[in-house]
Amino acid sequence: MEKFLEVLNTRRSIRKFLDHPVEKEKILKILEAGMNAPSAGNEQPWHFVVVTDRQKMLAMKEKHPYAAMLAEAAAAIAVVADPKLLKYPGPGQELWIQDLSAATENILLAIHALGLGGVWLAVHPFEEREREIAKILEIPEGYRILNLIALGYPNQKPDTTTRFKEERIHWEKW
């Protein structure tokens with residue numbers, strides 16, 4: 001369990017990558033971790049599009065203002081919701097965002113645990129960004145893209161100083 005806490009406490013966003021592909025077996029382990037995330041009502045509304053094609057990565061980079069790292073990442077994962085899998089669809093019931101966020105965090109932790117690096121690139125709630133990425137990845141109409149995750153072998157080692165701030169903890173009342 002200590003190793004797990006170390007993974008939690010040392011994971012950081014990685015934006016620089018080595019020119020080295022990520023093995024398919026590692027990607028499958030990463031996605032298994034994502035699919036083991038908690039899900040409201042056990043809906044599991046997720047799909048994942050794995051992208052390794054350099055032209056698609058560059059095209060997504062052009063449509064996302066904060067995705068420069070896609071030019072050198074070994075892969076990207078689009079985290080996608082299938083509204084048909086939702087038991088409680090509609091405004092105010094959009095629990096797919098929480099479900100896919102939990103899956104994304106599991107993915108990021110698995111990436112780090114496997115000696116890789118990754119970074120979360122928000123797509124939702126930016127409608128044009130979502131539309132353009134969906135077009136590049138040929139995602140059917142009606143599906144929702146929460147984010148992209150750029151990943152690969154890290155070419156940087158960010159500071160892992162603790163972010164713990166005890167003054168932000170409130171016991172029993174504010």
Kindly establish whether Ala37 is of a type in the set (A, V, I, L, M) and either under 28 Å from Glu128 (Cβ atoms) or not in a helix (DSSP H, G or I) (or both). yes
Of the conditions (1) of a type in the set (A, V, I, L, M); (2) farther than 30 Å from Arg163 by Cα; (3) not in a helix (DSSP H, G or I), Met57 clears all except one; give me its number. (3)
Candidate set: region 125-174, residues that are of a type in the set (Lys, Arg) and at pLDDT 95 or above; chosen: the one farthest from Leu114 (Cα to Cα): Lys173
Would you mind stating whether Gly118 is within 16 Å of the chain's Cα centre (by Cα) and small (Gly, Ala, Ser)? yes
Looking at Ala103, Ala71 in this structure, which one is buried (at least 21 other Cβ atoms within 10 Å of the Cβ), closer than 26 Å to Arg11 by Cα and aliphatic (A, V, I, L, M)? Ala103
Residues being over 13 Å from Ala78 (Cα atoms) and at pLDDT 95 or above: count how many of those fall in region 40-52. 2
Odd one out for His47, checked against (1) assigned to a helix (DSSP H, G or I); (2) of a type outside the set (Phe, Trp, Tyr); (3) in contact (Cβ under 8 Å) with a residue 12 or more places away in the chain: (1)
Here are the criteria: (1) surrounded by fewer than 24 Cβ atoms within 10 Å (Cβ to Cβ); (2) more than 15 Å from Ile30 (Cα to Cα); (3) not acidic (Asp, Glu). Tell me which single one Val123 does not satisfy. (1)
Could you go through region 17-24 and let me know if any residue there is over 24 Å from Thr161 (Cβ atoms) and crowded, with 16+ Cβ neighbours inside 10 Å. yes
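The values are calculated or read from the model by the stated rules, or taken from the named source; none is laboratory data. Treat the numbers as computed from the prediction; the structure is a model and nothing was measured. With ideal geometry, Cβ positions are generated from the backbone for all residues, glycine too; neighbour counts draw on all protein chains shown.
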